[in-house]
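Chemist: There's a structure below that I have some questions on.
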């Protein structure tokens, strides 16, 4: 069954990785999807691929770290596709490095996308959802929110901010029937993750790194982007109609505690 037939979804970070997987999952379930990404070439390629399969995916290049750009793209999406029923915040950046060696730009640019982008996009969409008394917002966070990570302070802190923001937003919007949840992936096979791998590839991630105070993955595998998209799809669907303000870890047990 097409669980999202007749619904409009906006997905940020849609040009690759988890964002592209979320676009595919929603479009495959019948949604009209607005694919938003800073990289115009990539996001238009994603949209073209789906249109070739007769799926309703449209590209909307935009930089979510700028409030005005977000407001403009949200207005365009509603004008061209209709009222937004589902927002999925996926856009994110990772600039790893020790805190003492990090620059102001490392910190500020990470928060600009991972935190500010979630705030700007969620605010713009929520302002339109409230009068309609309906809607779902899902933010893709990280399991780094629950466990300190070496050389990932800015990333973890920015994802922690986005996670708590989304949960607080869910509390404010609950009276309007709008649900807000978080999906927190662990190591997922994306370009961002592969950039961190050494010559041992995924094996080191699965087995863990004692010198980095990092446990492995109990389930013995790195997630596919589709694994994360499936969790997003569930929380965005009517099957999760009584779930809000929650943070769902999808990390094969790597965090050990939630």
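The values are calculated or read from the model by the stated rules, or taken from the named source; none is laboratory data. These figures come from a predicted structure and were not determined experimentally. All Cβ positions, glycine included, derive from the backbone under ideal geometry; neighbour counts span all protein chains shown.
Chemist: Restricting the search to segment 165-194, which residues are part of a helix (DSSP H, G or I) and under 12 Å from residue 139 (Cβ atoms)?
Modeler: Scanning segment 165-194 gives 165, 166, 167, 168, 169, 170.
Chemist: Among the residues of segment 30-37, is there at least one that is outside any strand (DSSP E or B), in contact (Cβ under 8 Å) with a residue 40 or more places away in the chain and crowded, with 22+ Cβ neighbours inside 10 Å?
Modeler: Yes, segment 30-37 contains a residue that is outside any strand (DSSP E or B), in contact (Cβ under 8 Å) with a residue 40 or more places away in the chain and crowded, with 22+ Cβ neighbours inside 10 Å.
Chemist: Right, next: Filter segment 210-226 down to residues that are surrounded by 15 or more Cβ atoms within 10 Å (Cβ to Cβ) and within 18 Å of the chain's Cα centre (by Cα) and give me whichever is farthest from residue 150 (Cα to Cα).
Modeler: So the residue we want is 226.
Chemist: Can you spot a residue in segment 120-141 that is in a helix (DSSP H, G or I), without any contact (Cβ under 8 Å) to a residue 60 or more places away in the chain, out of contact with any strand residue (DSSP E or B) (no Cβ under 8 Å at 6 or more places or on another chain) and under 20 Å from residue 185 (Cα atoms)?
Modeler: No, segment 120-141 contains no residue that is in a helix (DSSP H, G or I), without any contact (Cβ under 8 Å) to a residue 60 or more places away in the chain, out of contact with any strand residue (DSSP E or B) (no Cβ under 8 Å at 6 or more places or on another chain) and under 20 Å from residue 185 (Cα atoms).
Chemist: Looking only at segment 56-105, count how many residues are touching a helix residue (DSSP H, G or I) at 6+ places or on another chain (Cβ under 6 Å) and assigned to a helix (DSSP H, G or I).
Modeler: 5
Chemist: Mind telling me which of the residues 54, 7 ends up being over 19 Å from residue 226 (Cα atoms) and surrounded by 17 or more Cβ atoms within 10 Å (Cβ to Cβ)?
Modeler: Of the residues listed, the single one that is over 19 Å from residue 226 (Cα atoms) and surrounded by 17 or more Cβ atoms within 10 Å (Cβ to Cβ) is 7.
Chemist: Taking the condition of being assigned to a helix (DSSP H, G or I) and modelled with pLDDT under 95, how many residues in segment 142-164 meet it?
Modeler: Total meeting the criteria: 3.
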